[in-house]
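A short write-up of the structure that comes next.
The values are calculated or read from the model by the stated rules, or taken from the named source; none is laboratory data. Predicted model, so just to flag it, every value in this text is computed and none were measured. Every residue, glycine as well, gets a Cβ built from its backbone with ideal geometry; the counts of neighbours run over all protein chains shown. Accessible surface is based on the protein model in full, side chains and every heavy atom, while ligands, DNA and RNA are left aside. Shrake-Rupley method; radii C 1.70, N 1.55, O 1.52, S 1.80 Å.
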Amino acid sequence: MIAEAGLAALWLAAALALLQLGLAFGLGGGEGRRIATVQAVAIGQGLMSAIAFAALLALFLRSDMSVLLVASNSHSQKPWLYKFAGAWGNHEGSMLLWVTVLALAGAAVALFERRLDERTLGATLGAQAALALGFFAFLLFASNPFERLNPAPLEGRGLNPLLQDPGLAFHPPTLYLGYVGLSVAFSLAVGALITRDVGPALARAMRPWVLAAWILLTLGITAGSYWAYYELGWGGWWFWDPVENASLMPWLAATALLHSVNVLAARGGLRAWTMMLALIAFSMSMVGTFLVRSGILTSVHSFAVDPARGSFILALLTIYIGGALFLFALRIGDVKEGAPFEVVSREGGLVANNLLLSVILGIVFVGTLYPLFAEAMTGEKLSVGPPYFDSVASPLALALAAMMIIAPQLRWRRDSAPILPRLLPGVFVALAILGLTFWAAPTIGWLPRLGLAIGLGLVPASFQPLFGRSLRRTPLATYGMVIAHLGVAVAILGAASDSAFTKEKLASVRSGQTVDVGPWLVNFRSVMPVAGQNWTALEAELRASRGSGVNVLRPQSRFFSEPPTTTNEAAIESFWNGQLYAVLGERDADGRWQLRLWWKPFVTLIWLGGFLIALGGVMALAGRSWTERRQRRRLADMELYP
C-alpha cells in the first residue's frame with residue numbers, strides 16, 4: 001500500500017499545482033482572497049510532494065522488491081545508508097526528489113515571502129506551479145517511480161558500486177537543492193516581468209534564494225570533485241566531463257546573478273541584466289539535470305530507444321526556457337535600467353565580472369553540448385575534452401580572478417580618485433610571485449605560473465575591503481565577501497600547485513620492491529584478501545617514507561557481486577603540504593602488481609577553497625537576513641510609536 005499511497009500523493013500534488021496555476025492567473029475570488037488561497041494551495045502541494053518522496057524512501061528502506069524501481073536499484077544486503085541513497089540514485093527517484101524540492105521551495109515562498117506586493121507574489125507562485133506541473137506530468141506519464149512488478153523478484157539488482165559511498169549519498173541532494181533554489185529566482189523574475197514590477201524590492205526578495213542556491217551548488221560541486229578524486233582512482237579533481245559541467249554551468253550563472261542582484265538591491269541598477277541572468281541560471285539547472293538524467297550522455301541514441309521520455313524532456317525544456325525568453329523579449333521595453341554609473345566604478349567592475357562569467361559559461365555550454373548535437377546530426381562521435389576547456393576557459397578564469405583584485409577596491413557610481421594605491425598590495429604580491437616562479441620553478445607552464453601569481457595576489461586584495469574600517473561595525477555580509485574571495489584565491493593556489501608540481505609514477509612491482517615518487521620512497525609489502533558488508537577485496541600494504549617515520553597506505557581492488565563490478569579504492573595519506581595517493585592495479589602474468597602513485601603538493605587547498613567560498617556565502621546570507629530582520633523590527637516599532 002505504500003507505493004499506492006505515494007502515487008496517490010503524487011497525483012494530488014499535481015492536481016494542486018494545476019489549481020495553484022489557475023488561481024494565480026485569474027480564476028475565482030477577489031484579489032486578496034485569491035492570493036491567500038494560492039498560498040494555501042502551494043503549501044498543500046509541497047506537503048503532498050513530501051509525502052510521495054517519503055513513501056519512496058520507505059520502499060527502499062524496506063527493500064520492497066515488488067516495486068520496479070527498488071528491484072532495479074537496490075538489494076536487501078546493502079547497508080541502510082545506500083538503500084536510503086538508492087532512492088535518488090536513479091532516474092525516476094532523482095526526478096521525484098527534484099520535483100519535491102521544487103514544490104517545497106514554492107511552499108516556502110508562500111509561507112515566508114513578505115517583501116513583494118500581492119500581484120507579483122501571485123504571479124511568482126503561478127510560475128512556480130507551472131514549473132512543478134510539467135515535472136509532475138513527466139513523472140506520472142513517462143517516468144513513474146511507484147510502478148509495480150508482478151511477479152516480484154526475490155532479490156534486487158543492487159546499486160552501482162561507484163555510488164555506494166557516503167559522499168555520493170549526500171552530493172546529489174545538495175546539488176538538487178541548489179538547482180531548485182534557482183527555480184525561485186526564475187519564478188520571481190517571471191512574476192516581476194508579468195507585473196512589470198522590477199526593482200530593488202524584487203532583488204531583496206530574490207537575493208536570499210540565489211545566495212542559498214549558490215552555497216549549496218558550491219558545496220555540491222566541491223564534494224563531487226573530491227568524490228571523483230578519491231573514488232574513481234584517476235588522481236584528478238576535474239575532468240571537464242559533461243556530468244561535471246552540468247553542475248558547473250548553473251553555478252557560473254548563479255555567481256553572475258549573485259553579483260548582479262546585489263547591484264539591483266543596493267543601487268537599483270542592472271535591472272534587465274539581472275532578469276536575464278535569473279532566467280538563464282535556472283535554465284542551466286534544467287539543462288544540467290536533464291543532461292544527467294535523460295540518458296543523453298550515455299548515448300544520443302537513447303532518445304530513439306525511449307522516444308516518449310526524450311520527447312517529454314525536450315518539450316519541457318522548450319516550453320520553460322523558450323517561454324521565459326519570449327516573455328523577457330516582450331517586456332524588455334518596460335524594464336527601466338535604473339541608476340546610471342560610469343565605467344570606472346564598482347558597478348562597472350561587477351559588469352566586467354558578469355561578462356567574464358558569461359563568456360566562460362558560453363564556452364562550457366558549447367563544449368558540453370556540441371559533441372552531443374554533432375553525434376545526433378551526423379552519427380559521428382566527437383570528443384571535446386580537457387585540452388579545449390583548459391586552453392580556452394582557464395585563461396578567462398584567471399582574468400576573472402585578476403578582476404577580483406581590482407573590482408572590490410572601486411567606489412559605487414563613479415571613481416575619480418587615484419586607484420593605483422588601492423591596487424598596490426595585490427598587484428605587488430602578484431608581480432613578486434610571478435618573478436619568483438621564474439627563478440624557483442623555471443619549467444612549469446604559463447597557466448600554473450599565472451595561477452600562483454594571481455592566486456597569491458588575490459589573498460591581500462581579499463582582505464583590503466576591511467582596511468580602514470571599524471571591524472566591530474563592519475557588516476557580517478562584508479566579512480562573507482572577504483572569506484568567499486579568499487576561498488577563490490585558495491582554490492586557485494591549490495589547482496595551480498597541483499598542475500605545476502604533481503609527480504606521478506606507474507610501476508610493476510613484487511613484494512619487497514621500492515619505488516620513488518617525488519620526495520617519497522614507497523615499499524610494496526604484500527597483498528591480502530579482505531571483506532566488507534557487501535564486497536570482497538584484495539588489499540595491498542605500502543610503507544611510505546620521506547626521511548623520518550613511516551606511513552602505511554592500503555589501496556584496494558574491490559569486487560561487488562550485485563551487480564558484478566570491480567572498483568579501485570585509492571589509498572590517500574594527507575600532510576600539511578600535500579597528499580600521497582596510491583592505486584592498486586591488476587596482477588600481470590609474471591606475478592607483478594601494477595601500482596600507480598602520485599605526490600600532489602597542496603592539492604587539498606582546492607577543496608579548502610571551495611569550503612571557504614561556501615562559508616563566505618553562509619556568512620553573507622546570515623548577515624543580510626539579520627540586517628533585514630532588524631530593519632523590519634524598527635519599522636514595526638515606528639508604526640507602534642509614531
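Scan Pro166, Pro173, Pro145, Pro161 and give me the residue that is buried (at least 16 other Cβ atoms within 10 Å of the Cβ), touching a residue at least 24 places away in the same chain (Cβ under 8 Å) and over 25 Å from Leu7 (Cβ atoms). Before the answer, list the steps.
On the way: Pro166 fails: buried (at least 16 other Cβ atoms within 10 Å of the Cβ); Pro173 fails: over 25 Å from Leu7 (Cβ atoms); Pro145 fails: over 25 Å from Leu7 (Cβ atoms).
Being buried (at least 16 other Cβ atoms within 10 Å of the Cβ), touching a residue at least 24 places away in the same chain (Cβ under 8 Å) and over 25 Å from Leu7 (Cβ atoms) holds for just one of Pro166, Pro173, Pro145, Pro161, which is Pro161.
Scan the range 525-539 and give yes if some residue there is more than 30 Å from Gln77 (Cβ to Cβ) and more than 27 Å from the chain's Cα centre (by Cα), otherwise no.
Of the residues in the range 525-539, the ones more than 30 Å from Gln77 (Cβ to Cβ) are 525.
Those still in the list that are more than 27 Å from the chain's Cα centre (by Cα) too: 525.
The answer is yes; a qualifying residue exists.
Out of (1) open to solvent by less than 20 Å² (accessible area, probe 1.4 Å); (2) under 25 Å from Leu131 (Cα atoms); (3) at pLDDT 75 or above, what's the single condition that is false for Asn353?
(2)
Which of the residues that make up the range 558-568 are closer than 16 Å to Arg596 by Cβ and open to solvent by less than 30 Å² (accessible area, probe 1.4 Å)?
Selection gives Thr567 alone.
Within the range 473-498, which residues are over 20 Å from Leu258 (Cα atoms) and touching a residue at least 24 places away in the same chain (Cβ under 8 Å)?
From the range 473-498, those over 20 Å from Leu258 (Cα atoms) are 473-474, 490, 492-498; that's our starting set.
Result: Val490, Ile492, Leu493, Gly494, Ala495, Ala496, Ser497, Asp498.
To keep it simple, each residue is scored yes or no on (1) open to solvent by 20 Å² or more (accessible area, probe 1.4 Å); (2) outside any loop (DSSP other than H, G, I, E, B).
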| position | (1), (2) |
| --- | --- |
| Lys83 | yes, yes |
| Ala107 | no, yes |
| Thr120 | no, yes |
| Ala123 | no, yes |
| Ala129 | no, yes |
| Leu133 | yes, yes |
| Leu140 | yes, yes |
| Asn150 | yes, no |
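Among the residues of the range 503-539, count how many are among the small types (Gly, Ala, Ser), more than 16 Å from Trp598 (Cα to Cα) and touching a residue at least 12 places away in the same chain (Cβ under 8 Å). Steps first, please.
From the range 503-539, those among the small types (Gly, Ala, Ser) are 507-508, 511-512, 518, 526, 531-532, 537; that's our starting set.
Keeping just the survivors that are more than 16 Å from Trp598 (Cα to Cα) gives 511-512, 526, 531-532, 537.
Filter once more, so that each one left must be touching a residue at least 12 places away in the same chain (Cβ under 8 Å): 511-512, 526, 532, 537.
Of the residues in that region, 5 qualify.
Filter the range 371-429 down to residues that are of a type in the set (S, T, N, Q) and not in a helix (DSSP H, G or I) and give me whichever is surrounded by the fewest Cβ atoms within 10 Å (Cβ to Cβ).
Taking the range 371-429 as the starting set, the residues that turn out to be of a type in the set (S, T, N, Q) are 378, 383, 391, 394, 409, 416.
Now restrict to residues that are not in a helix (DSSP H, G or I): 383, 416.
On the way: Ser383: 7, Ser416: 9.
If we take residues in the range 371-429 being of a type in the set (S, T, N, Q) and not in a helix (DSSP H, G or I), then Ser383 is surrounded by the fewest Cβ atoms within 10 Å (Cβ to Cβ).
Return the pairs, sorted by first residue and then second, in which the second residue is among the basic types (Lys, Arg), the first residue lies in the range 56-67 and is over 17 Å from Glu147 (Cβ atoms), the beta carbons are less than 9 Å apart, and the residues are 6+ apart or on different chains.
Partner pairs satisfying both residue conditions: Leu61/Lys83.
Going by the conditions given, is Ser574 among the polar types (S, T, N, Q), out of contact with any Phe, Trp or Tyr (no Cβ under 6 Å at 6 or more places or on another chain), under 19 Å from Ala228 (Cβ atoms) and open to solvent by 50 Å² or more (accessible area, probe 1.4 Å)? Spell out how you get there, then give the answer.
Details: among the polar types (S, T, N, Q): yes; out of contact with any Phe, Trp or Tyr (no Cβ under 6 Å at 6 or more places or on another chain): yes; under 19 Å from Ala228 (Cβ atoms): yes; open to solvent by 50 Å² or more (accessible area, probe 1.4 Å): yes.
Answer is yes for this residue.
Within the range 449-469, track down each residue that is of a type in the set (Gly, Ala, Ser) and open to solvent by less than 60 Å² (accessible area, probe 1.4 Å).
If the condition is that a residue be of a type in the set (Gly, Ala, Ser) and open to solvent by less than 60 Å² (accessible area, probe 1.4 Å), then Gly451, Ala453, Gly455, Gly457, Ala461, Ser462 are the ones that fit.
Scan (1) under 29 Å from Leu202 (Cβ atoms); (2) open to solvent by 30 Å² or more (accessible area, probe 1.4 Å); (3) without any contact (Cβ under 8 Å) to a residue 60 or more places away in the chain; (4) more than 27 Å from the chain's Cα centre (by Cα) for the single condition Ala15 breaks and write down its number.
All conditions pass for Ala15, except number (1).
Can you tell me which residue among Ala8, Ala58, Ala71 is under 23 Å from Gly134 (Cα atoms), at pLDDT 90 or above and either in a helix (DSSP H, G or I) or open to solvent by less than 30 Å² (accessible area, probe 1.4 Å) (or both)? Working first, answer last.
Working: Ala58 fails: under 23 Å from Gly134 (Cα atoms); Ala71 fails: under 23 Å from Gly134 (Cα atoms).
The match here is Ala8.
If you check Ala441 against the conditions, is it loosely packed, with under 15 Cβ neighbours inside 10 Å and in contact with a helix residue (DSSP H, G or I) (Cβ under 8 Å, 6 or more places away or on another chain)?
On the way: loosely packed, with under 15 Cβ neighbours inside 10 Å: yes; in contact with a helix residue (DSSP H, G or I) (Cβ under 8 Å, 6 or more places away or on another chain): yes.
So Ala441 passes the test.
Anything in the range 558-587 that is in contact with a Lys or Arg (Cβ under 9 Å, 6 or more places away or on another chain) and of a type in the set (Ser, Thr, Tyr)? List them, or say none.
Selection gives Thr565, Thr566, Thr567, Tyr581.
Take the range 574-598 and flag every residue that is in contact with a Pro (Cβ under 7 Å, 6 or more places away or on another chain) and assigned to a strand (DSSP E or B).
Keep residues of the range 574-598 that are in contact with a Pro (Cβ under 7 Å, 6 or more places away or on another chain), which gives 577-578, 582-584.
Answer for the range 574-598, where residues must be in contact with a Pro (Cβ under 7 Å, 6 or more places away or on another chain) and assigned to a strand (DSSP E or B): Gly578, Ala582, Val583, Leu584.
Of the conditions (1) on the phi < 0 side of the Ramachandran plot; (2) in a loop (DSSP other than H, G, I, E, B); (3) surrounded by 19 or more Cβ atoms within 10 Å (Cβ to Cβ), Gly233 satisfies every one except a single condition; which number is it?
For Gly233, the failing item is (1).
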